[in-house]
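The values are calculated or read from the model by the stated rules, or taken from the named source; none is laboratory data. Quick caveat, the model's predicted, so the values are computed rather than measured. With ideal geometry, Cβ positions are generated from the backbone for all residues, glycine too; neighbour counts draw on all protein chains shown. For the accessible areas, the whole protein counts, side chains as well, though only heavy atoms, and no ligand, DNA or RNA atoms are used. Shrake-Rupley method; radii C 1.70, N 1.55, O 1.52, S 1.80 Å.
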Amino acid sequence: MSGLFHPRDIQQWHDWQASRKSGARRLVSRVRSLRQSAPGASELTLSTRGENPRILVALEAGTPTQIASLIRPLEYLPEESLAVLSLGDPGPLPGTGWVSGSFEDDDAARLGESLTDIVAVGHFLPAGRAAFELAERFDIRFNVVQHGLLAPQAPPLPPGAHLLAFTESDAAFWMNGAHQDITYDVVGSQLLWQAAQEPAEVNAALSKRPVFLGQLHGAELPRTGFASAAARFCYETKATYRPHPAEKDKLSQLQHALWERQGIPIDRFGAPLKSLDRPVASVFSTGVLESAVRGLPAWVTYYNPPQWLSEFWERYGLSRWTSLDSEPTPIPQLNSTEPARAIAELLKETS
């Protein structure tokens, strides 16, 4: 069975990430890392509701995937005393009575006396890393919530983690070769569950210009490969290119401008993905499954895909595009229970 390229060693994963960046991006990352590790330079914010929080969520960013995976479950815990550790302002949090301030050493000591569960997307970014240090120091259960489709370049699970996976196959893939003390539950994808609540007008979509979901920012494949897949689809179907929110670097902007001169429309409005009402394609974006679950025609495409990408497409049931008449990705089966509610129920069980 295949699995992650780096199933156990988080430092190996960080080294791989650094190797995929250009010289300029490596310098920026290094400066940022030094700033974050300098005394008094922490940007972590601790928000608490109630006394003696039992559950802490480590929030890295206010992206739709993290809000759905980490914050939505808190709406089903109205009686719990909670804490959120975030990189900067956490944004709106459910309920009232939240108090925020800088995360200090004495906060860690106090949290260590009351926490039973920490919930994060992993220990590979600042909030999750600090939360995992808490978990190790005070023997707190560290729950990792899967928040996107799982490629083999994903970061490894930390030792002793409890995984909350989309599916049994995702859990098996992530745990293959991982630390032997990993446990798991299958809860489903909150993002896909939410998408299913807003079905699209399929008949109307078929007559509209398709859209390609960009991934030029991705480290998993060469930028030229992402660009070639996007350009071919857009040229052959007259599609609009929709940049990923992370495509703000100079190279991506130059690519967008070049495509515009060549006649490919660029979607610069950034409307929520749930508002799309047209056929969709990408290389391996979660948005393909989000669109499929709403009933839209959705495909994946990449010239001469590596083995891991073909296996990824197969694991998620993603259909390859050959033409707009080719069989689209089937609507994925979802759990009957909302994943956020399932996560909340599992957290209640440890109280």
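The Cβ shell under 14 Å around Ala171 holds other residues with a net charge of -2, Lys and Arg each +1, Asp and Glu each -1.
Computed from phi, the 3J(HN,Hα) profile of the stretch 311-325 under the Karplus parametrisation 6.51, -1.76, 1.60 (θ = phi - 60°) reads 5, 4, 4, 5, 4, 9, x, 8, 8, 7, 7, 10, 7, 6, 9 Hz, with x in place of Gly and Pro. Of the peptides 129-135, 326-332, the ranking by mean beta-carbon count within 10 Å, highest at the top, reads 129-135, 326-332.
Derived scalar couplings between HN and Hα for the stretch 219-232 equal 8, 6, 9, x, 4, 5, x, 4, 5, 5, 4, 5, 4, 4 Hz in order, rounded to whole Hz, by the Karplus curve 6.51 cos²θ - 1.76 cosθ + 1.60 (θ = phi - 60°), x for Gly and Pro. Eigen-decomposition of the gyration tensor built on the alpha-carbon atoms of the stretch 107-185 gives equivalent ellipsoid semi-axes of 23, 12, 10 angstrom, largest listed first. Sorting 270-280, 247-257 by their mean Cβ neighbour count within 10 Å, with the most densely packed peptide first, gives 270-280, 247-257.
The phi torsions of the stretch 286-297, fed into the Karplus equation with coefficients 6.51, -1.76 and 1.60 and a -60° offset, translate into couplings of 4, x, 5, 5, 4, 5, 4, 5, 8, x, 7, x Hz, rounded to whole numbers, with Gly and Pro shown as x. What you get for the chain, charging only the Cβ of Lys and Arg (+1) and of Asp and Glu (-1), is a dipole of about 1620 debye around the Cα centre. Probing with 1.4 Å while keeping every protein chain in the model, the per residue accessible area of the chain equals 48 Å².
Extents of the stretch 204-250, largest first, come to 34, 19, 18 Å (Cα atoms, principal axes, whole angstrom).
Heavy-atom accessible area for Glu104, with the other protein chains in place and a 1.4 Å probe, reaches approximately 90 Å². So who's got an amide H within less than 5 Å of the one on Ala298, skipping anything under 5 residues away but keeping other chains? H placed 1.01 Å off N, in plane. Under 5 Å from the amide H of Ala298: Val280, Thr329.
The share of alpha-carbon pairs in the stretch 276-351 lying farther apart than 22 Å comes to 35%.
With the full set of protein chains in place, find how many percent of the accessible area of the stretch 243-351 is carbon and sulfur; take the probe as 1.4 Å. Its accessible area is 51 percent carbon and sulfur atoms.
Per the Cα gyration tensor, the stretch 88-149 maps to an equivalent ellipsoid with semi-axes of 18, 18, 12 Å, ordered largest to smallest.
Counting Lys and Arg as +1 and Asp and Glu as -1 over every other residue whose Cβ lies under 15 Å from the Cβ of Ser189, the net charge comes to -1. Over the chain, all Cα pairs binned in 10 Å intervals from 0 give whole-percent P(r) values of 5, 23, 32, 26, 12, 2, 0, listed from short to long. Averaged over residues, the count of other Cβ atoms within 10 Å places the peptides 120-126, 94-100 in the sequence 120-126, 94-100, highest first. Semi-axes of the equivalent ellipsoid for the stretch 219-334, computed as √(5λ) from the eigenvalues of its C-alpha gyration tensor and ordered from largest down, come to 22, 17, 14 Å. The antiparallel fraction among DSSP beta bridges confined to the chain stands at about 30%.
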